[in-house]
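Chemist: Before I ask anything, here is the structure I am working with.
Only the coordinates and a few stated rules stand behind these numbers; no lab work does. For clarity, every value in this text was computed on a predicted model and none was experimentally measured. Glycine gets a Cβ as well: all are built from the backbone with ideal geometry, and neighbour counts include every protein chain shown.
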Amino acid sequence: MPAPRPAITGVLETVLYYTDAQATERFYGQVLGFRLIGKQPGRSLFYRAGTSVFLLFDARTTLGEDTLTPHGATGPVHTCFLAPPDEYEGWKTYLAEQGVQLLEEVVWRPEVLSFYFRDPDGNMLEIANADLWPH
């Protein structure tokens, strides 16, 4: 029996762009389980991740926009999600069962861990079991 999908409690760091809307929507909606809260076809997808709002923009569209300040990225970028400490290991198991390759795990300090994997566009994603940053 597959492991249940663990919870995400928020977005720790974010800036993501995509080139394949269908693969992106499937990955973030079905694999990660984020709730789609808005969509502008050909431009953007908006998700709720825990208490945070997580935005994904079509890289080609937003780089060439003239109605807003053009923005975007070329190549992969990075986002870190925050999971409850008691569900951190469950995320590793669940993602591996979904065919997502786990790339590396880092011990930032005692009891503070994170691991890395990629989305369909090659963006580097990370799940941490605690806030990595000083308050």
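Chemist: What shape does region 70-135 take by its C-alpha gyration tensor, where a ≥ b ≥ c are the square roots of the eigenvalues and a/c under 1.5 counts as rounded, a/b above b/c as prolate, and the rest as oblate? Mind showing how you got there, number by number?
Modeler: Numbers: a/c = 2.33, a/b = 1.27, b/c = 1.84.
Since a/c reaches 1.5 but b/c is at least a/b, the shape of region 70-135 is classed as oblate.
Chemist: What ranking do Leu103, Leu125 get, fewest neighbouring Cβ atoms within 10 angstrom at the top?
Modeler: Numbers: Leu103 12, Leu125 22.
Ascending number of Cβ neighbours within 10 Å: Leu103, Leu125.
Chemist: Using label points projected 7 Å from each Cα along Cα→Cβ, tell me how many nm separate Ile37 and Arg60, to one decimal.
Modeler: The answer from the label model is 2.9 nm.
Chemist: Candidates [x] 26, 16, 13; [y] 31, 17, 13; [z] 23, 21, 16; which is the computed semi-axes √(5λ) of the Cα gyration tensor in Å?
Modeler: [x]
Chemist: Determine the sum of side-chain charges near Val100: Lys and Arg each +1, Asp and Glu each -1, restricted to other residues whose C-beta is under 11 angstrom from that of Val100.
Modeler: Numbers: positive: Lys92, Arg118; negative: Glu97, Asp119.
Local net charge: 0.
Chemist: Further question on the same structure: Report ³J(HN,Hα) in whole Hz for each residue of region 74-88, in order, from the Karplus equation J = 6.51 cos²θ - 1.76 cosθ + 1.60 where θ = phi - 60°; Gly and Pro get x.
Modeler: Karplus values, whole Hz, x for Gly and Pro: 10, x, x, 10, 10, 9, 10, 9, 10, 10, x, x, 7, 10, 4.
Chemist: Assuming 0.36 nm per residue, please report the length gained on full extension of the stretch Trp108 to Ala23 beyond their Cα-Cα distance. Spell out each step's value before the answer.
Modeler: Numbers: separation 85, 0.36 × 85 = 30.60 nm, distance 3.14 nm.
Difference between extended and current length: 27.5 nm.
Chemist: Here's another thing I want to ask about it. Can you give the helix-only mean residue ellipticity at 222 nm for the chain, where every DSSP H stretch with n ≥ 4 adds -39500 (n - 2.57) and the sum goes over all residues, rounded to the nearest 500 deg cm²/dmol? All intermediate terms of the calculation are to be shown ahead of the outcome.
Modeler: On the way: 3 runs with 21 residues, N = 135.
Value at 222 nm, helices only, nearest 500: -4000 deg cm²/dmol.
Chemist: Can you work out the Karplus-derived ³J(HN,Hα) for every residue in region 120-134? Use 6.51 cos²θ - 1.76 cosθ + 1.60 with θ = phi - 60°, whole Hz, and x for glycine or proline.
Modeler: For region 120-134, the Karplus-derived couplings read x, 8, x, 4, 7, 9, 9, 10, 10, 8, 6, 5, 7, 9, x Hz, x marking Gly and Pro.
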